[in-house]
Amino acid sequence: MTIDDRRELDRLVASWREWLERRDALSAQDIDELEGHLLDRVDSLRAAGLHDDEAFLVAVKRLGAVDELSREYARVHSERLWKQLVLDDGANGDGRSAASGDRDASGAPTSFLRRANGLAVALGLGVGAGLAVKVADLVGVDPTFFLRNAAILVLPFLAAWFAWRHRPPIGALAGIAGAFALAAVVLNAYPFGPGAGTAAFATEPSMTELLAAVHAAVALWLVTGVAYAAGDWRSSDARMDFVRFSGEWAVYYLLIALVGGGLSALTIGVFSTIDVEVAWFFDQWVLPCAIPGAVLVAAWLVEAKQRVIENIAPVLTKVFTPLFAIVVIALVVAAALQWNVVDADRELLIAFDLVLVVVLALLVYSYSSRDPMQPAGWFERIQFVMLVGALIVDLVVLVAMVGRTGEFGFSANKTASLGLNLILLANLAWAAWLHLGFLRGRTPFLRLERWQTAYLPVYVAWSAVVVVAFPPLFGFA
């Protein structure tokens, strides 16, 4: 082996080790052992005549997928795993306490903030998000303020968490901050009028205000993903990683909400039996602080358990994709029975749009969690049926929206829905074409994945148009 060959092999092994060190089930000693096995395999493959890079790739493949190794180590070292993820008060991966000196993979002392995967930082930022919401409440702002500014109050703390974890460049951070500042200025400088009720006692936000708030939240969530991707938003893999994070974050947040709601109800019920009223405390303090704080806790859970335990979201995707395929087919039948789609109920069209968004979310997330080398099977065929059904539903909604617009004229709500359905139509149509090619063995799977991640900026652009342009175009009331 020449010196250059040795250096190249060392570089490959170092890259493999660095990637493996981010998997929390494996300590430095575990990785040392795996590296020894890897190098033994590389030596045997080189002796068989393979080049160094070929021997390395084959050895890694034979060593087993990292996910499988991580799960196996998690099962064998479950006590250590739980200490790492939740109970770590100074113990590192191999059980040594702070008294014996916490060390990272390079042998350097591990800081308090880095232990337990930054739990202290996540909790601190979660408290900050909760306090930001509560301070606004104590100031006495109007109720619609929280609708407009929910994303602006909470998501900067999530972006700060990503920045601390992934270290994006200064330029990316400046761009993220600029997007939040622009959204804050637009949402709070526009003179939105009241919706239902009088100007003094508005019970609902205006339609343009509601649309702007929802689309701002979508756009800022995707902008926050730039920090998650360490500024490398041009990378398809980085964008898909954020899609995967978003799916798992949603699952964890829902679980936290369910458990937190049940615990709150139990606590209120227990105290009521001894004539102590605590419902006001939960209403005025716990909920305003816990709801935004849970955003950071859920993000920490996703990051902390990355590839350590069985992923929940891919399992749910496998379960709900067939069910939603049936729902989409049922909607096609319902649309066929609704002879005059122009007169279709507004609620029905909104329900159709929500189903289309969920279908697309299931599709994108299933792509993110799939092995690209695995051939097409029954699940991919069900996905194709769901895609075709979604296309038909989208066309029905578009016909209805065009007809309603021709009969009743343009409005902010109808225009936003029309634009969204056009964007969904282009996305679903090309996805169905690529998916069909994949089923026929003519399209590599990576093209499906890259198409979906490349399309994300379209949703950001449309959301920005709704936030910035719709209020002055359609009025503020």
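The values are calculated or read from the model by the stated rules, or taken from the named source; none is laboratory data. Here the structure is a predicted model, which is why all the values come from computation and not from measurement. Note: ideal-geometry Cβ built from the backbone for every residue, glycine included; neighbour counts use all protein chains shown. What goes into the accessible areas is simple: the full protein's heavy atoms, side chains included, and nothing from ligands, DNA or RNA. Shrake-Rupley method; radii C 1.70, N 1.55, O 1.52, S 1.80 Å.
Between A469 and D43, the simple label model (points 7 Å from Cα in the Cβ direction) yields a spacing of 6.5 nm. The calculated FRET efficiency for the pair F476 and I382, based on their C-beta separation and a Förster distance of 41 Å, comes to about 0.35. A Cβ-based charge dipole, computed about the Cα centre of the stretch 115-304 with Lys and Arg at +1 and Asp and Glu at -1, lands at about 620 debye. Contact order, relative form, for the stretch 313-443: 34 percent (alpha carbon pairs under 8 Å, 6 or more residues apart, mean separation divided by residue count).
Across H51, H37, H435, H215, the residue with the most accessible area heads the list, and the full order at a 1.4 Å probe is H51, H37, H215, H435. Evaluate the distance, in nm, between pseudo-label points positioned 7 Å from the Cα of A250 and of R234 along their respective Cα→Cβ axes. Modelled inter-label distance: 3.0 nm. Per residue, the stretch 115-304 exposes 47 Å² of accessible surface when a 1.4 Å probe is rolled over the protein heavy atoms with every protein chain present. P(r) for the stretch 313-443, from all Cα pairs and a bin width of 10 Å, is 12, 42, 30, 13, 3, 0 %, short bins first. Could you check the spin-label model distance between E18 and L436? Points 7 Å from the Cα along Cα→Cβ, value in nm. For the pair E18/L436, the computed spacing is 4.4 nm. Computed from Cα atoms alone, the Kirkwood hydrodynamic radius reported for the stretch 115-304 is 18.1 Å. For the stretch 313-443, the solvent-accessible area works out to 48 Å² per residue, with a probe of 1.4 Å and every protein chain left in place. Sites listed here are trypsin sites (Lys or Arg not before Pro) in the stretch 372-454 whose DSSP assignment is loop and whose Cβ has at most 15 other Cβ atoms within 10 Å: R440, R442.
Calculated FRET efficiency, V278 to V135, Cβ-Cβ distance, R0 = 22 Å: about 0.45 to the nearest 0.05. Subtracting the Cα-Cα distance of T267 and H51 from 0.36 nm times their residue separation leaves 71.3 nm of extension gain.
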